[in-house]
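Okay, so here's the structure we're looking at.
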Amino acid sequence: MKNKNYVTTSFIVGFTVWFLATIVFRVAGQYFFIVDSVPIMLALYLGLIPSLGLLSICIFRRFNLGQLESLKAAVIMVLPGMLLDTICVKFFADVFPNMLESDGKTFGSWLMFAYSIILISALFRKTKKGSL
């Protein structure tokens, strides 16, 4: 099932993940994003690897994408969130009034790691012989 729908699907998935995550952090971020707790933050960082890695791989496999197409899909997945999160991080206290403003730096770091996981999952994607 290789077609150009992967571009639209990648955008929708990326935007949806950003939107839902932003709502969760706005409503309840103070309950689980506890920057003073090393075990909690370690779990939040490490939890991104399987969750976002698997999400990305599911998109790549669903559309039978080669490596170059996977990279394109990954970039399209992260762009909506990266663009919108520039506003969220800049106006952290207004967007996430339930969280301490000082948490914004760690939040920005966590976001960069999340976007990196998606891009890395495409960069190191193994494809069948004969496909790029």
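General observations
- Residues that are of a type in the set (Gly, Ala, Ser) and within 12 Å of the chain's Cα centre (by Cα) within segment 110-130 comprise Ala114, Ser116, Ser121, listed in sequence order.
- In segment 22-32, residue nearest to Leu79 (Cα to Cα) [restricted to those that are open to solvent by 40 Å² or more (accessible area, probe 1.4 Å) and not aromatic (Phe, Trp, Tyr)]: Ile23
- For segment 57-68, a residue qualifies if it is open to solvent by less than 60 Å² (accessible area, probe 1.4 Å), over 17 Å from the mean Cα position of the chain (by Cα) and among the aliphatic types (A, V, I, L, M), and exactly one does: Leu65.
- Candidates are the residues of segment 33-56 that are touching a Phe, Trp or Tyr at 6+ places or on another chain (Cβ under 9 Å) and of a type outside the set (A, V, I, L, M); the one that is least open to solvent (accessible area, probe 1.4 Å) is Phe33.
- For segment 1-19, the condition of being among the charged types (D, E, K, R) and surrounded by 13 or more Cβ atoms within 10 Å (Cβ to Cβ) holds for none of the residues.
- Listed by position, the helices (runs of 4 or more DSSP H) inside segment 8-123 whose residues that are among the hydrophobic types (A, V, I, L, M, F, W, C) and out of contact with any Lys or Arg (no Cβ under 8 Å at 6 or more places or on another chain) number at least 3 are 38-62, 67-90, 104-123.
The values are calculated or read from the model by the stated rules, or taken from the named source; none is laboratory data. This is a predicted model, so every value here is computed, not measured. Because the Cβ atoms are built from the backbone with ideal geometry, glycine has one as well, and the counts that use them run over all protein chains shown. Surface areas here come from the heavy atoms of the whole protein model, side chains and all, with no ligands, DNA or RNA. Shrake-Rupley method; radii C 1.70, N 1.55, O 1.52, S 1.80 Å.
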